[in-house]
1. Considering each residue of the range 218-231, count those that are surrounded by fewer than 17 Cβ atoms within 10 Å (Cβ to Cβ) and either touching a residue at least 60 places away in the same chain (Cβ under 8 Å) or more than 26 Å from G38 (Cα to Cα) (or both), and give that number.
2. Name every residue in the range 87-142 that is within 14 Å of ligand 1 (Cβ to nearest atom), polar (S, T, N, Q) and crowded, with 22+ Cβ neighbours inside 10 Å, in order of residue number.
3. Could you list, ordered by first residue, the pairs with Cβ atoms under 9 Å in which the first is in the range 160-171 and within 15 Å of L107 (Cβ to Cβ) and the second is at pLDDT 95 or above and acidic (D, E), at least 6 apart or interchain?
4. Being more than 25 Å from M42 (Cβ to Cβ) and in contact with a helix residue (DSSP H, G or I) (Cβ under 7 Å, 6 or more places away or on another chain) is the filter; apply it to the range 231-268 and report the residue that is farthest from ligand 2 (Cβ to nearest atom).
5. Return yes when Y189 is part of a strand (DSSP E or B) and not acidic (D, E) and no when it is not.
6. Please determine, by comparing only the residues of the range 60-118 that are of a type in the set (D, E, K, R) and under 18 Å from E166 (Cβ atoms), which one is nearest to ligand 2 (Cβ to nearest atom).
Amino acid sequence: MAIDVQSGPGGFAGEVRGADLERAGDFSAIHRAFLDHGVIVMRDCSLTPEAQIAFSRRFGPLMGRRPSTPDKVLMPGLPEIVILSNRKVNGETVGITDAGRYWHSDLCFEEKPNMATILHAVEVPPEGGDTLFADLQQAYETLPDTLKSRIDGKRAAHTFRKHYLEVMAAGSPRPPLTQEQFEALALNYHPIARTHPETGRKTLFVNPGHTTEIEGMDEAESQDVLDALFEHCLQPEFIYRHQWKAGDTVIWDNRRVMHNAEPYDMDRYTRHMHRSCIHGDKPY
Ligand code: OGA
Ligand code: MN
């Protein structure tokens, strides 16, 4: 069967049909669709963790253990897979229970942020738990000139500390980071408008979860510009909502999109996902 891509408005987000993640020959079509659409969805994948790792490696080296990820949520024996889950085994949570419930780009606070995330749904709730994606390439291209000139050539600071401290203070059930991990959480500056290294297109590289300030601006002005950028990015025409089915594999380009996982009723339902992350380059 030929590989076919169905895409949403503006070419953003696409469903790739007829591709087999385990067939090496299908990879170039999948990779093309990933670059063209920023988010790609594949349904009905029966993907073992080993097969997910092998498939993910075709994109590039995997990220594995990070200072921002508690060791307890890494798949035993396969640390390239992070478990997102509210399942408990012997009374203990096996994954991050409340991952990504805010607008962010994965690991953007690292010196070389994540290039792509591959998320495979093992079990999903019948309602809630959708993931929203915002296309920051279209957002950049439609940015009013007045706002564009305020960010021209500027960099912004990114950190995981702020979000981590907020969720822990709010009583997150996730396993805590060790003191050593917390101290290793760096703060990095990246260009606000970055150039996608593979497509050459410009995208906005800021998000409400991890971007704290604009370099060289006073606090009030920095917050003002960031708020205006976020308001622009979160217009409905830039957003794709993914409603999960078990067996879905979704791949997103963290250089181009930000995302937000919606909550679900964790007392009634189980949501169990396997996540792998691919290393990216230093943004420019
Ligand atoms: C994450 C994340 C999204 C989801 O783990 O970083 O954003 O839908 N997850 O679980
Ligand atoms: Mn995420």
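The values are calculated or read from the model by the stated rules, or taken from the named source; none is laboratory data. Nothing here was measured: the structure is a model prediction, and the numbers come from that model. Note that we place each Cβ from the backbone using ideal geometry, even for glycine, and neighbour counts take in every protein chain shown.
1. Counting residues in the range 218-231 that are surrounded by fewer than 17 Cβ atoms within 10 Å (Cβ to Cβ) and either touching a residue at least 60 places away in the same chain (Cβ under 8 Å) or more than 26 Å from G38 (Cα to Cα) (or both) gives 7.
2. Listed by number, the residues that qualify are S105, T117.
3. Pairs found: F160/E110.
4. Once the filter is applied, the top-ranked residue is H232.
5. yes
6. D106
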